[in-house]
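Read the structure below first, then the notes.
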Amino acid sequence: MGFNNLMRGLATAGFAMLTVATLAQPGAEAGNFEILDAVVAVVGDGIVLESEVEAQVFSETAQGRTVTETGRCEILEDILFSKLLVHQAKLDSLEITDAEVMEEIERRLAYYIRMFGTVEAFEAEYGQTVSQWKSEFQDPIREQLLAGRMQATINGQVRATPAEVQQFYETTPQDSLPLIPEAVSYSELVLQPAITESEKAEVRNKLDSICTLVSLGKMSMTLAASRFSEDPGSKYKGGCYENIGRGQFVPEFEAAVFETAIGDLSPVFESDFGYHFLRVTDRRGEQFSACHVLMSPKVDPVALSELGAVADSISASLQNGSLDFREAVLTHSTREATRNADGVVVNPRDGSTHWGLDELEPNISLLFSTMEPGQIAAPVQLLDEDEQGYWAILMLDARHPAHRANPLQDFSYFQNAVESKIRNEQMMDWYNERIEEIYVRIDEPYAGCEMSMKWRD
């Protein structure tokens, strides 16, 4: 764990400290809790409870990691640093709004529901209702958000220049540079059948029923989203999007947002993505926050099977040279994003056209393993991120051999490394200045811990 891990955890607001500062944790049986409230450390005006350390130990072990005594010391050091950030944030009058706290609570609750499977399983494991859990978590989460905001204030905007990237590369031993695995670039022609009216009606009726349950208070928006929504970007965040500027979402969605009163539910409406209903949580000028549930009609398996014959016909024309692949994409492909890019598939990870073989669907990776650049594969049936079936004709555009990382081919890798280094240096400079002025005490059983930073004389 240690300082670098703490930096990454705070910077990304991830789940590294998901359970820190809870006063109870699951026991051997559902509803069996042990209260651990002994003070084990003090940082400024903040205290560290044994329960905070134990909660983080539980989080680590739940993820399959073994926590040694050294690991417990590292966990304590991470908590100490977070408390130091919170202490300074209060001195600097930084604030976290109630809305921000509730948004984070909903996000984490959705994560837990996904992990345990159901709301009932979550409540059984923690021996608390969802409402009780939310209430207990407000203060700890406010502290974590405050620590993250303090870190952001200290670091400001960090952007590595090309010169800094080059210097980092030149001063890094070549044998310590990572080996970048083989990658490929490819293009696609996608064929997906149209959705029938009966399939649309079935989905709309189901969503109408869910919307009614939410409106009557018989189901929360968080539960509705985690159970039924098919929007991967918000499903496990209570269906919520925060502080969105007008013009970023499809017109139908934004029309519903600006026609619905804050706190109210919209009627079910249709967009290119399927059917939605939403609740507006905030709206200020051209910015808004809203939570929604999305359900999409499914492709008819029979229609999908019949479309295979069309894919075979196009493939035959491509193979005999009577049809050019790029022209075929413009004429036949039903996936707008790649059709408008001549079929080229962009990796959302970094915006490049390079795909590691381990990033691709196994069927696609296996297909490319035996192909040469410029070769076009026979049609293959695949599933998209919404589990919708489609036919694809794929062309391997290029192979990029495995190589040692270098700025010319892997600029983003080096830029991220340099920026992380700069942020860590800034934080250490800040820590060294502040630690001389802050009261710190570490009690048993952690008084003998060896730590990476100087917390005591």
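The values are calculated or read from the model by the stated rules, or taken from the named source; none is laboratory data. Small disclaimer: the values here were computed from a predicted structure and weren't measured. Here the Cβ is made from the backbone with ideal geometry for all residues, glycine too, and neighbour counts use every protein chain on show.
Overview of results
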{"quantity": "Candidates Glu123, Glu143 - the one that is in a helix (DSSP H, G or I) and either surrounded by fewer than 19 Cβ atoms within 10 Å (Cβ to Cβ) or without any contact (Cβ under 8 Å) to a residue 24 or more places away in the chain (or both)", "calculated": "Glu123"}
{"quantity": "Selection from the stretch 305-343 of residues that are in contact with a Pro (Cβ under 7 Å, 6 or more places away or on another chain) and either outside the structural domain of Met395 (by TED's automatic domain parsing) or surrounded by 18 or more Cβ atoms within 10 Å (Cβ to Cβ) (or both)", "calculated": "Leu307, Ala311, Ser315"}
{"quantity": "Hits in the stretch 357-403 (condition: within 19 Å of Gly308 (Cβ to Cβ), surrounded by fewer than 15 Cβ atoms within 10 Å (Cβ to Cβ) and either modelled with pLDDT of 95 or more or among the polar types (S, T, N, Q) (or both))", "calculated": "Asn363, Ala378"}
{"quantity": "Residue check, Asn432 modelled with pLDDT under 95 and either in a helix (DSSP H, G or I) or over 17 Å from Glu182 (Cβ atoms) (or both)", "calculated": "yes"}
{"quantity": "Hey, Ala378 of a type outside the set (S, T, N, Q), touching a residue at least 60 places away in the same chain (Cβ under 8 Å), in the same structural domain as Ser313 (by TED's automatic domain parsing) and assigned to a strand (DSSP E or B) or not", "calculated": "no"}
{"quantity": "Test: Val268 is at pLDDT 90 or above, more than 30 Å from Glu372 (Cβ to Cβ) and touching a Cys at 6+ places or on another chain (Cβ under 8 Å)", "calculated": "yes"}
{"quantity": "Selection from the stretch 189-237 of residues that are basic (Lys, Arg) and surrounded by 14 or more Cβ atoms within 10 Å (Cβ to Cβ)", "calculated": "Lys200, Arg204, Lys206, Arg227, Lys235, Lys237"}
{"quantity": "Qualifying residue in the stretch 251-262 (condition: surrounded by 17 or more Cβ atoms within 10 Å (Cβ to Cβ), aromatic (Phe, Trp, Tyr), farther than 30 Å from Leu396 by Cβ and in contact with an Asp or Glu (Cβ under 8 Å, 6 or more places away or on another chain))", "calculated": "no"}
{"quantity": "Which numbered condition Asp78 fails, given (1) crowded, with 16+ Cβ neighbours inside 10 Å; (2) at pLDDT below 90; (3) not hydrophobic (A, V, I, L, M, F, W, C)", "calculated": "(2)"}
{"quantity": "In the stretch 282-334, residue farthest from Pro379 (Cα to Cα) [restricted to those that are assigned to a loop (DSSP other than H, G, I, E, B) and among the polar types (S, T, N, Q)]", "calculated": "Ser296"}
{"quantity": "Residue tally, condition touching a helix residue (DSSP H, G or I) at 6+ places or on another chain (Cβ under 7 Å) and of a type in the set (Asp, Glu), over the stretch 185-210", "calculated": "1"}
{"quantity": "Among (1) in contact with a strand residue (DSSP E or B) (Cβ under 8 Å, 6 or more places away or on another chain); (2) more than 19 Å from Val214 (Cβ to Cβ); (3) acidic (Asp, Glu) - the single one Asp272 does not satisfy", "calculated": "(1)"}
{"quantity": "In the stretch 335-375, the residues that are part of a helix (DSSP H, G or I), under 27 Å from Ile180 (Cα atoms) and aliphatic (A, V, I, L, M)", "calculated": "Leu357, Ile364, Leu366, Leu367"}
{"quantity": "Filter result for Arg441 (in a strand (DSSP E or B) and closer than 30 Å to Arg72 by Cβ)", "calculated": "yes"}
{"quantity": "Long-range neighbours under 8 Å by Cβ, at least six apart or interchain, first residue touching a residue at least 40 places away in the same chain (Cβ under 8 Å) and within 30 Å of Gly351 (Cβ to Cβ) within the stretch 410-437, second in a helix (DSSP H, G or I) and of a type in the set (Gly, Ala, Ser)", "calculated": "Arg423/Ala11"}
{"quantity": "Tally, over the stretch 234-271, of residues that are of a type in the set (Val, Ile, Thr) and either under 20 Å from Val203 (Cβ atoms) or assigned to a loop (DSSP other than H, G, I, E, B) (or both)", "calculated": "4"}
{"quantity": "Set Arg349, Arg423: member being surrounded by fewer than 14 Cβ atoms within 10 Å (Cβ to Cβ) and either more than 23 Å from the chain's Cα centre (by Cα) or charged (D, E, K, R) (or both)", "calculated": "Arg349"}
{"quantity": "Single residue of Ile96, Ile79 found to be over 21 Å from the mean Cα position of the chain (by Cα), closer than 24 Å to Lys134 by Cα, in a loop (DSSP other than H, G, I, E, B) and not small (Gly, Ala, Ser)", "calculated": "Ile96"}
{"quantity": "Filter pass, Leu145 being farther than 25 Å from Tyr446 by Cβ and over 21 Å from the mean Cα position of the chain (by Cα)", "calculated": "no"}
{"quantity": "Any hit, the stretch 149-159, residues being of a type in the set (D, E, K, R), assigned to a loop (DSSP other than H, G, I, E, B) and modelled with pLDDT under 90", "calculated": "yes"}
{"quantity": "Matching residues in the stretch 291-304 - criterion: being surrounded by 13 or more Cβ atoms within 10 Å (Cβ to Cβ) and more than 30 Å from Ile262 (Cα to Cα)", "calculated": "Lys298, Val299, Asp300, Ala303, Leu304"}
{"quantity": "Of the criteria (1) under 30 Å from His354 (Cβ atoms); (2) of a type in the set (Ser, Thr, Tyr); (3) buried (at least 16 other Cβ atoms within 10 Å of the Cβ), which one Ser176 fails", "calculated": "(3)"}
{"quantity": "Filtered residue count, the stretch 146-173, keeping only those that are of a type outside the set (A, V, I, L, M), surrounded by 12 or more Cβ atoms within 10 Å (Cβ to Cβ) and not assigned by TED's automatic domain parsing to the domain that holds Ile47", "calculated": "6"}
